[in-house]
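Participant: Here it is, the structure, as structure tokens.
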Amino acid sequence: MASHWLLTPASLKSSPRHDKKPMQLDKKDRLIINALQQDARQSLAALGRRIGLSQPAISERVKRLEESGVIVRYAAKINLKAIGLGLQAVIRIRTTHAYIQHYVEKFQSIPEVLDVVRVTGEDCFVVHCAFADPADLERVVDALASHGSVSTALVLSHPVTKAAYVD
């Protein structure tokens, strides 16, 4: 599964998870993280066999990784074309600081928005969206242009999606 930042109103504030020092990971923890990123549906027993730990030991380690905020969630990777969302776009938004929170809330309310990152430089946000047809793209661009400039690029393909490799 690709590693993406999900921008939410709460993530704009200081998060207790980010205030802590990074968790010290040993070799088994790193193996667990990498294995779960490849297949999060595998049973804990199968994961334990793969890593070389008993089912109770693997359960405890996974629970500790979840509670410490290392593992944030488990998700399915969806083929967007298979559900009728064959058109994707990357939208860059440039606005003023006064409208940052406004945009974060707006992104949450637009179902076509898949992923948002807040960036440095001339743009403020880079938004990945999926659409059924160009009219949906037009509607979203118009909605996002209310408090800043918008630049859109259509996605031709997505040749590389990588999980964060933990070494």
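Participant: Which pairs have Cβ atoms under 9 Å, sit 6 or more apart or on different chains, and link a residue in the stretch 32-46 that is outside the structural domain of Ala57 (by TED's automatic domain parsing) to one that is of a type in the set (D, E, K, R)?
Facilitator: Within 9 Å, no pair qualifies.
Participant: For residues that are surrounded by 11 or more Cβ atoms within 10 Å (Cβ to Cβ) and polar (S, T, N, Q), tally how many sit in the stretch 77-122.
Facilitator: Looking only at that region, the number is 4.
Participant: A follow-up question, please. Which residue pairs have Cβ atoms closer than 9 Å, lie 6 or more positions apart in sequence or on different chains, and pair a first residue in the stretch 68-94 that is in the same structural domain as Ile58 (by TED's automatic domain parsing) and more than 12 Å from His158 (Cβ to Cβ) with a second residue that is β-branched (Val, Ile, Thr) and not in a loop (DSSP other than H, G, I, E, B)?
Facilitator: Val70/Ile33; Ile71/Ile32; Ile71/Ile33; Ile71/Val62
Participant: Kindly indicate which of Ala143, Ala163, Ala135, Ala130 is surrounded by fewer than 17 Cβ atoms within 10 Å (Cβ to Cβ) and closer than 21 Å to Ile78 by Cβ.
Facilitator: Details: Ala143 fails: closer than 21 Å to Ile78 by Cβ; Ala135 fails: closer than 21 Å to Ile78 by Cβ; Ala130 fails: surrounded by fewer than 17 Cβ atoms within 10 Å (Cβ to Cβ).
Exactly one residue qualifies, and that residue is Ala163.
Participant: What's the number of the only condition in (1) aliphatic (A, V, I, L, M); (2) over 30 Å from Phe131 (Cβ atoms); (3) surrounded by fewer than 17 Cβ atoms within 10 Å (Cβ to Cβ) that Ala40 fails to meet?
Facilitator: Exception for Ala40: condition (2).
Participant: In this structure, does Ser68 turn out to be under 21 Å from the mean Cα position of the chain (by Cα), of a type outside the set (A, V, I, L, M, F, W, C) and surrounded by 13 or more Cβ atoms within 10 Å (Cβ to Cβ)? It would help to see each step written out before you state the result.
Facilitator: Working: under 21 Å from the mean Cα position of the chain (by Cα): yes; of a type outside the set (A, V, I, L, M, F, W, C): yes; surrounded by 13 or more Cβ atoms within 10 Å (Cβ to Cβ): yes.
Spelling it out, Ser68 is indeed under 21 Å from the mean Cα position of the chain (by Cα), of a type outside the set (A, V, I, L, M, F, W, C) and surrounded by 13 or more Cβ atoms within 10 Å (Cβ to Cβ).
The values are calculated or read from the model by the stated rules, or taken from the named source; none is laboratory data. These numbers come from a predicted model, not from an experiment. Every residue, glycine as well, gets a Cβ built from its backbone with ideal geometry; the counts of neighbours run over all protein chains shown.
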